[in-house]
Every structure is written in C-alpha cells, then in structure tokens.
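The values are calculated or read from the model by the stated rules, or taken from the named source; none is laboratory data. Computed from a predicted structure; not experimentally measured. Note that we place each Cβ from the backbone using ideal geometry, even for glycine, and neighbour counts take in every protein chain shown. In case anyone asks, the SASA skips ligands and DNA or RNA and just uses the protein heavy atoms, side chains included. Shrake-Rupley method; radii C 1.70, N 1.55, O 1.52, S 1.80 Å.
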Amino acid sequence: MTRKNRYNNNDGDGVDTAHGSRRRRWLIWSLATAFVLFVVAPVGAVLTAYVMADVPEPEELVNKQVSNIYASDGTTELARIVPPEGNREQVKLDQIPEALRGAVLAAEDREFYTNPGFSVTGFARAVKGQITGDESAGGGSTITQQYVKNAVVGNERSYERKLKELVISAKMANEWSKNDVLEAYLNTIYFGRNSYGVAAAAEGYFGKPLAELTPAESAVLAASIQRPSQLDPWTNREEAEQRWNYVLDGMVATGYLSQADRDAAVYPEVVDPALNRAYVEATGANGLIKNQVVAELERVGITQEDLDTRGLRITTTIDIRNQNAAVDNVNRIFDGEDEKLRSAVVSIEPSTGAVRAYYGGDDAAGWDYANAPIQTGSTFKIYGLAAALQQGIPLATMYSSEPVTTGNVTVTNVGGGGCGYCTIAEALKRSHNTSFIRLEQDLANGSQDVADMAHALGMARSLPGYPATLTENGGQPYEGIILGQYESRPFDQAIALATLADEGVWHEPYFVEKVATSNDEVLYEHTPTTGQRRVAANVANNVMSAMAPIAAWSNQNQLAGGRVSAAKTGTTQLGDTGFNKDAWMIGATPQLATAVWVGTVDNSPLRNYWGGNMYGAGLSAQIWKATMDGALEGKPLETFPEAEPLGFNNAPAPQYVPPAPGSAVAPSAPETEDPDAEPAEDEAGGVEGGVPEVPGAPAPVLAPPEQVEILPGITIPNIFN
C-alpha cells in the first residue's frame, strides 16, 4: 500500500482535509475578530461612553437670555439687557400653549414621548453623510438630540461629536423627565429673527405674548425650526407655507388639532422683521435709565454673567406716572421751539432717595444731559444760603443790592436792577447776585463754605473729567461759586435739593429696588435706611421757607391746587453774546424733588421761539411745574415743617448800613410789583439773576479758566470775559 503524502491528505473525495481545517479555523477567527471589531468593540465603547457620560441636571444647564428692567410697578418694561447670543426669555412648560407644544412635536419629533431619546436611523444618516461628504444626509435627530447638541456637545461635524450626542441623549432620556427635556428644548431652540426660545419667537414673529398665540401661528413658529433663516415667511412665503402645512397635518395625526380646525386654518401674517423690536434693548430716555441701572447693579454685586444667563427681573424705582410726566411735558413744551433745545429732568423722593423720574434726552444711546456737568447759575445760591444759616446768619439779615467789587471785578445784577437794602430771603426770591456775593463774604471761610455745604447736601465730589468738583485746581473755589460758576449735574441738583426737602437728611440715591431670577430667586433687594444728617433740620427748613415764594414769583409757576413748594431758578450767560446758555428750575415738595435744565445741543444761544433771551423762569420752569403737577396729581397736599428762628447764632448778623447820601438805590424794603405784570426782577426780561457778565474786565477773582468744557469737545468762552 502506498504511503499517503502528508502534504496532500486526500481521502478520495478530492479534499485535502488538513488544508480545509486550517481554512475553517481562519474563517472562524476572522469572523470572531470582525464580530469583536465591528460589534463587541463598538457596543463596548458605547456602553463605556454611556457609563462615563456626565448628564447635567436640568437646573445646571443655563442659556444666555434676556434680563428685563421694569418700572416700580413691576410690570411696565423700561428696557432689556440682551446678551450677544440673542434674545431669549425662559418660560415654564405650563406657560407654553398646548397647540405650540404639539406643533413643535409634529414638526420635529412625533415619537418624542415614546422614543429612547435618540434615533438610530438619524445617526446612520449622519454617519453616511460624513463618509460621502453629503451635508444634506443628516437630519432625523430627535428633540432630545437637538437639545443635547445645542446645550451640551455643540454642533461640530464629526463622528466623535455625533456619538457623544447619541450617548448623552440616551442617558438624558433615562435621567430627565420628558417634560423637562421638552421645556429645555423650547427655551433653547433658535427660530430666526434673533429669537431664541418660544417666548422670544412669539414677539419676533407676531409681536404678541406667548400665551396669545393661535394654533396657526404656533405652526408658523414650529415650521421655522428646520431652517430658520430660509423659512421666514416674510422672505420665503412659498416654502414657509409648505412646511406650515406639513406641521398642521402632523398636528392632526398626533391629536393636537382637529381636522375641522385644520381645514379652517389660514396662514397668518407676520410682522415686518424691520419692525421687530425683540432685540431692541431700550428706546428714548429709557436707554439712559438702563445705563444707570446697569452701573448700579455692578455696584451691588450683580455680575455680567448674572445679567446674561439668569433672566433677571429688575424692578426699579422709576414711577411710570412721574416718568411719563417728565418725558411728555418736555416734548409738549418744546413743540414749536428751536430744534436745538435739549433738557434734563430728574425727580427724587426726599424721604428715601428713590429716583422716580430720569430724563436725560431722547436718544437711547446718546449724550445723557441729566448726568452731564453743567454750570448751575443762580440755583447755587441756595447752598450759599444754607451755609450762612448754618453759621447763624438768619434770613432776615439785610444786604445791599448795589454793585459790589471783588478783586478786579464789579458784580452787578442782571439789567442793573436791585432792591436797595433787603433781606437775604427777598434777595433770593429776586436772585440778586450782589447780595449773595456780600453774603458769601460774611461766611467764615468764604467760597469754601459754599462748596462744602453743596458737597454735604449731595453734590458729587468727583465726576468723569473732573477729579475734584467745586474747586479751583484743588484749592478754594472762586467767589463766583455762589452764582453758579462751577459745573454740577442735574442729577446732583435733585439729590441736594432732596436732602434739604427732608430736613437736611441725605439718602443715597438709587435706581434698583429688587432683582430676582426667572425662577423667582431674589438676588438683591434695596434696604431702606434712615439716611445721614448733613445739615441741621432748622437750617434746611429755613432754606425751604426762603424758596417758598419763588415758584409763584417766577412767571406764576406755582403748583396746581395751591400745593406748597420750594423752588429756585437759575441762568448762566453765554460769553459776551448778550444771550444765555443754561436755564434751570429746581424745586421740591415734601414728596418729590425735581431738577430741570434747558440748554442747546451745540451750546448756542438759548432763545425763545420768537428769538428772545431765555431765563430759568421760562421753559425750564414750565417743564418743572408740569412734571410736578403730573407726578403729584391726586396725592396729599403736604407742607414743609415750619422754620423756626435760628437759635444758634454763633456770629453776629451783619448790621444794616444805610446807603451813602445821594445813592440812586433807595434804602427801602422790596419794590412794589404790578400784580398783573410778569415779574421783572433785575429788569432784564427774566425773573432771576444769571452769572454776571463783566465785559472787558481783567482776570478777575471770580473768573473760571479762559475756556470751560461743558460737553466732551465743546468749550465755551469765559463767562466773565
């Protein structure tokens, strides 16, 4: 018998058994390897990734969203703080209409409540798209996957990102409730028109609150999710309507809409995107209020991250009635006047420091005149008067109103008018410059006492561009301070006046009453304080008493219903033009202190519509009266505490000195006025003295720098040259 070839083991059936065995082993090993590589390894990787995946809790995932600023009523929106990522407002699921929820499910994920949080077919299509380079091959992602992509893993086009999305979606579906996922998604998804989330989209497309959306409108929003930019009906009505029909049919199929309602549905009109205000932060004067609020929030510890991510509801001190009274009356009174006119109005509640109205102009992003340093004119006389009263110089002290020389300057009253010798209270009413220069000279430290009193009452000690206010290069101010030579803000004027109105107690001014998150967590609430005494109560009461007749004296601007007020006008002159440049009216009741300034945008002469010179008793006084009347209508008629005679006369009051023989100034009490005529104080067509003009005088003691910068880049001539 022939030996079998060990290399050719043929059993007679034509098969080499040894070779076949090796092939079978190789095939089994190959299949096993393939199974491990293509089944076990991926499954293992997915399981490992699943175990390792960290799914945040619902409250841990925050979105950029809008913070809202409201008036003191908590409902009137003044402004928004919009993060760079867009307009969004977080809402609870039960605040979202059921029809809108159904429309989104019909458009994006009809098996949302039954699927495991991911779509295998959608994942396969995405992988195919990566392999073939077909960017349109994606799609089919569930709502959970879309949310995970937007909020957790990002939208990078890669296998790793898609796998991570799939794993986290599956795990989220097990750890979160379906309603939590849907609520998060509806607050996150982009709808176009700078609108993130359903609340912003309702405003962006239809200009209405979320709760008022109809089923047809809800379907428009849901239809836009697929391609927000391309499916805006304003620019692509045909495709947008096709997608809308698909959504409505889906709503019928899923039970969110009856067939009858589907048949009756009409495609709704959307607002012009150009008119969409969803992304607008503030308009008009409210933009300037927003700036003040944001600055104050930083001071109290509310961070930019809080503003951008927590959907804050910021309740301010702004009383909407007060605010409307200020804004509306500026516009009404300016109607028909020079278009260059500008105004500032600030109202503060004396007993608390709450800012009740703030108007710095109509440009939301423009110059804020309420916050701008401006020469104050004769309004500053009240701070000199307060300093005098504090030192024991009473209101009954008599002063000459004749011209007075200080240094090389002779100061006069506007138009050369005067009252002879009259009390300082009468001189305040008539705003005689000369009497107040003499009063200032009687102060222990002269002009420095005026500056110190103004600072004590609330004038800012430094301002942007002014490291130190009410000073001359860090030293004692010129004597012209008492006539309003130096700059202060309308805001400061309201603060200082409020201090006097509250019997000398200063309250820190504030705009922010309360800050709460979208989840009603209170982050900050203003705590009322007792304030700080800055001047003796009787001193403040005496100042108020001296100011009491001025509103009626100034072109009959007394408040409605005989309401008691304490007021002062002021004017500053524009170089040697013969015209004025700033007109003021500041005045208070026990409930409200208001400062009003009127000037021009380019520092040009301040003229009435007929071309005449404008004084503090003109438009500024009219605005003050109208603002105060509107704000206080229906409120109790309160009075200031009665001023008591000074009982702490630490220095003898200046003695009455008769005028020199032959003087043209009569040594009499106040002049008799024609009750039917406009007040003719200083006989200059106005009713109070401005900072005096001394043409041709050499460098005076009173003089400010040769050029004074009022606004950035705008300087004015020395008002004493």
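Pairs linking a residue in the range 171-185 that is free of Cβ contacts under 8 Å to residues at least 60 places away in the same chain to a residue that is open to solvent by 30 Å² or more (accessible area, probe 1.4 Å), with Cβ atoms under 6 Å and 6 or more positions apart or on different chains, are ALA173/PRO116.
Here VAL220 meets the list (1) surrounded by fewer than 24 Cβ atoms within 10 Å (Cβ to Cβ); (2) over 31 Å from the mean Cα position of the chain (by Cα) almost entirely, failing just condition (1).
Considering the range 397-417, the residues that are part of a loop (DSSP other than H, G, I, E, B) and open to solvent by less than 20 Å² (accessible area, probe 1.4 Å) include one that is nearest to TYR615 (Cα to Cα), namely ASN413. Within the range 384-396, is there a residue that is surrounded by 22 or more Cβ atoms within 10 Å (Cβ to Cβ) and touching a strand residue (DSSP E or B) at 6+ places or on another chain (Cβ under 8 Å)? No - not one qualifying residue is present in the range 384-396. The single residue among THR283, THR379, THR303, THR315 that is closer than 30 Å to LYS635 by Cα and either touching a Pro at 6+ places or on another chain (Cβ under 8 Å) or modelled with pLDDT under 95 (or both) turns out to be THR283.
Looking at ASN291, ASN322, ASN331 in this structure, which one is buried (at least 23 other Cβ atoms within 10 Å of the Cβ) and assigned to a helix (DSSP H, G or I)? Step through it out loud before you land on a result.
On the way: ASN291 fails: buried (at least 23 other Cβ atoms within 10 Å of the Cβ); ASN331 fails: buried (at least 23 other Cβ atoms within 10 Å of the Cβ).
Among ASN291, ASN322, ASN331, only ASN322 is buried (at least 23 other Cβ atoms within 10 Å of the Cβ) and assigned to a helix (DSSP H, G or I).
Among the conditions (1) within 33 Å of the chain's Cα centre (by Cα); (2) farther than 21 Å from VAL355 by Cα; (3) hydroxyl-bearing (Ser, Thr, Tyr), the only one that THR434 does not satisfy is (1). Residues that are within 23 Å of ALA567 (Cβ to Cβ) and assigned to a loop (DSSP other than H, G, I, E, B) within the range 459-485 comprise MET459, ALA460, LEU470, GLY484, GLN485, listed in sequence order.
With the requirement that a residue be in a helix (DSSP H, G or I) and buried (at least 18 other Cβ atoms within 10 Å of the Cβ), what does the range 71-109 give you?
Across the range 71-109, the qualifying residues are ALA99, LEU100, ARG101, GLY102, ALA103, VAL104, LEU105, ALA106, ALA107, GLU108.
Residue pairs whose Cβ atoms lie under 9 Å apart, separated by 6 or more positions or on different chains, with the first residue in the range 524-540 and of a type in the set (Lys, Arg) and the second open to solvent by 50 Å² or more (accessible area, probe 1.4 Å), are ARG533/GLU503.
Restricting ALA370, ALA364 to residues that are of a type in the set (A, V, I, L, M, F, W, C), in a loop (DSSP other than H, G, I, E, B) and either open to solvent by 20 Å² or more (accessible area, probe 1.4 Å) or in contact with a strand residue (DSSP E or B) (Cβ under 9 Å, 6 or more places away or on another chain) (or both) narrows the list to ALA364. Scanning the range 80-135 for residues that are among the aromatic types (Phe, Trp, Tyr) and at pLDDT 90 or above yields PHE112, TYR113. Being more than 24 Å from ILE550 (Cα to Cα), in contact (Cβ under 8 Å) with a residue 60 or more places away in the chain, hydrophobic (A, V, I, L, M, F, W, C) and crowded, with 24+ Cβ neighbours inside 10 Å is not true of ILE348.
Note on the range 310-319: residues that are within 27 Å of VAL505 (Cβ to Cβ), open to solvent by 10 Å² or more (accessible area, probe 1.4 Å) and not in a loop (DSSP other than H, G, I, E, B) amount to 1.
Residues in the range 443-458: is at least one farther than 17 Å from GLY480 by Cα and assigned to a strand (DSSP E or B)? For the range 443-458, residues farther than 17 Å from GLY480 by Cα and assigned to a strand (DSSP E or B): absent. Just so you know, in the range 229-238 the residues that are surrounded by fewer than 16 Cβ atoms within 10 Å (Cβ to Cβ) and either of a type outside the set (S, T, N, Q) or in contact with a strand residue (DSSP E or B) (Cβ under 9 Å, 6 or more places away or on another chain) (or both) include one that is nearest to PRO97 (Cα to Cα), and it is ARG237.
Might you check whether a residue that is surrounded by fewer than 20 Cβ atoms within 10 Å (Cβ to Cβ), at pLDDT 95 or above and over 31 Å from the mean Cα position of the chain (by Cα) occurs anywhere in the range 456-470? Among the residues of the range 456-470, not one is surrounded by fewer than 20 Cβ atoms within 10 Å (Cβ to Cβ), at pLDDT 95 or above and over 31 Å from the mean Cα position of the chain (by Cα), which makes the answer no.
For the range 265-314, the set of residues classified as of a type in the set (Ser, Thr, Tyr) and closer than 30 Å to GLY250 by Cα consists of TYR267 only.
For the range 331-344, the criterion of being modelled with pLDDT of 95 or more and under 25 Å from GLU508 (Cβ atoms) is satisfied by at least one residue.
The set of residues in the range 146-163 being open to solvent by 70 Å² or more (accessible area, probe 1.4 Å), at pLDDT below 75 and in a helix (DSSP H, G or I) consists of TYR159, GLU160.
Comparison of ALA540, ALA552 shows that the only residue that is of a type outside the set (D, E, K, R), in a helix (DSSP H, G or I) and surrounded by fewer than 24 Cβ atoms within 10 Å (Cβ to Cβ) is ALA552.
One residue stands out among those in the range 503-537 that are at positive phi and at pLDDT 95 or above: the one that is surrounded by the most Cβ atoms within 10 Å (Cβ to Cβ), which is GLY504.
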